[in-house]
Each structure stands twice: as C-alpha cells, then as structure tokens.
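Reviewing the structure listed below.
What follows is calculated from the coordinates using simple rules that are stated; it is not laboratory data. Here the structure is a predicted model, which is why all the values come from computation and not from measurement. Please note: Cβ atoms are built from the backbone with ideal geometry, for glycine as well, and neighbour counts cover all protein chains shown.
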Amino acid sequence: MITRTNKGKAPCIAIVAPSGYAPEDRALDVATARLREQGCAVRNFCQPDEKFERFAATDAARAAQLHAAATDPEVDIVMALRGGYGLSRLLPLLDLPLLAASGKLFVGHSDFTALHLALLSQGGAMSFAGPMMYDDFTCAEPSALTLPDFWQCLAGPSHSVRGALDANPAVELEGPLWGGNLAIMAHLTGTPYMPVIEGGILFLEDINEHPFRVERMLLQLLYSGMLARQKALVLGDFSGYQLSAYDNGYDFNATLAFLRSKSGIPVLTGLAFGHIRDKVTLAIGSHARLVSDGRGFELTMSDYPNL
C-alpha cells in the first residue's frame, strides 16, 4: 500500500512530459487509472494532442508543465511521462531555483537525468531516479519489483537496494549518491548544469549503446576529472546493443576491464537500474553507504526528502 503523506492525505502525482510523448495516446488514461487504483490523486499537465515534432509539446509548453506542477500546492510527486530526448533543450527556460525550492519529489530516469543533474547543481536539491508513467505504470503486468520499491523508497526515511553479482571489488564506503543516464552525463559535462560532487557514489546506465560508445563516454567522464573525484562507480543495465564480427571479441566485459584498469576507483556492476522492467528507485543527492563483499553489495540511502 501507499504511505500517506505527512499532510494526512494520499499522495498527489503530477504527470509531466518534458521529453518525448507516449506512442499510444491511451497510455495516459491507463497510467492515471492505475495510480488512482493505488490510492493516488492525479494531476495531468500533458495532453497527447500537443505533440510537436518528436517531442510531447513545444519547448515552451513542456517547460510550463514543470513550472505548473512545481507551483501546484496539491502536488507531492512530479513524474515524467517518459524519456527519449528533449529535456536538455529546456534547461535555459527553466526556473531551476523555483523547482529546487518547491518541495516536490521529482521522479524519472533516462532523459530526465538532465533535470536530476540541474536540480543537484542548485545547492544539492534532491530528486529520484525511478519509474516513469510509460511504461512502468502502463504495461499490462507491472513489475513486482519496480512499483513496490518505488513506494518503499519514497516512504523513507531510508532505503536499501541490493545487487547479487560476483566479481565486484570488496568495499565499504559512504558518500553522496548521484548519477543517471550515461549519455546525458557526458552531454552535460562541462556545462553549468553539471554539479561538482566530491567523494560521491556515482551510478550510471544506458540503452542501445555499443560498448565502444559506452567506453568513449566513460572516458569523457574520466578525462574531465569527474571519476577521480568519486569514491566508487556503480553500473546498472547496459543492454540493447549488437556486436558484429568486426568487434573481434571486444564486448562490454572488455570495456569494463579497461575502465577498471584506468579509473582508479572501485567499479561495481549488478545494480538493478536502467531501461529495464525490474528497476529500483534511487534517491539522488542522498547520503549513501555502499558495502560489497565481492559476492554482492548493499546500497543504503538516507537523509532524503520523502512522503
């Protein structure tokens, strides 16, 4: 069940579409119905008939959705309809101090990473890397992990996730948790929207990126000095790519081995996060403790805003 907010009411979720639109127009109706079945109030700030090119609406209209959701006194959670591309186009249009000070819990992943990073650059404003309306709340059979873990995380005051994969280095460390989609991280490196995090636990994921592209983006983070400032790197899902005969044995494991040899920090794999059906929710900007014994790891988040 959903935990009630400290206002004594069921949480109110605002649906915004700052990036792409849902391929099926009825997806919004399905998501809204499912949320109401779970006891939520829903405020929808996006409309299927507002599509513009490959985006859910014009840049100005999508930015206005975020501002409207942030200033609505009834809203507790602001969740992205979906990712795709387009949020970084909005960053100069957004009143980031207003969003950061709104007290809303912003939730999404993929392209939504751009807003996570921009908010974090505003004095450490926290947000959540987690599910989106399409298709976490619209699929015929929702994941038995994704939605329960999401509500457990937002209930607070702390939340733990585990990864059971061997060959990880043994570590025990603490630091601010941050990260998201690798392509967006590389895209915003060197811009005012990229926070400077010292001693952090960085998590990354991506989809449909060949291992050499993943390696190239990771090297951008390495050469910028970002990786050297972190205590550890935790990798989520990197799938959806295709290898060919030309790769000659070069695959994601080769990229991983190369990264571990060059990064100078522990690199762990097996985080259940990314463009996958079964994903955890991560509190970006929270204080985190990472413990790995070489067979599995536990990542515990605390000190983050919650319901």
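Tabulated data for the structure shown
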quantity: Pairs with Cβ under 8 Å, 6+ apart, first in the range 31-43 and free of Cβ contacts under 8 Å to residues at least 40 places away in the same chain, second of a type in the set (Asp, Glu); calculated: Ala41/Glu74; Arg43/Asp72; Arg43/Glu74
quantity: Where a residue in the range 276-290 is on the phi > 0 side of the Ramachandran plot and its partner, wherever it lies, is part of a strand (DSSP E or B), with Cβ under 9 Å and at least six apart; calculated: Gly285/Ser127; Gly285/Pro176; Gly285/Leu177; Gly285/Trp178
quantity: Residues of the range 90-116 satisfying the condition of being over 22 Å from Asn208 (Cα atoms) and in contact with a strand residue (DSSP E or B) (Cβ under 8 Å, 6 or more places away or on another chain); calculated: Leu99, Lys104, Leu105, Phe106, Val107
quantity: Residue in the range 71-79 that is within 19 Å of Asn181 (Cβ to Cβ) and either of a type in the set (Val, Ile, Thr) or in contact with a Gly (Cβ under 8 Å, 6 or more places away or on another chain) (or both) present; calculated: yes
quantity: Test: residue in the range 236-247 that is among the polar types (S, T, N, Q), in contact with a Ser or Thr (Cβ under 7 Å, 6 or more places away or on another chain) and free of Cβ contacts under 8 Å to residues at least 60 places away in the same chain; calculated: no
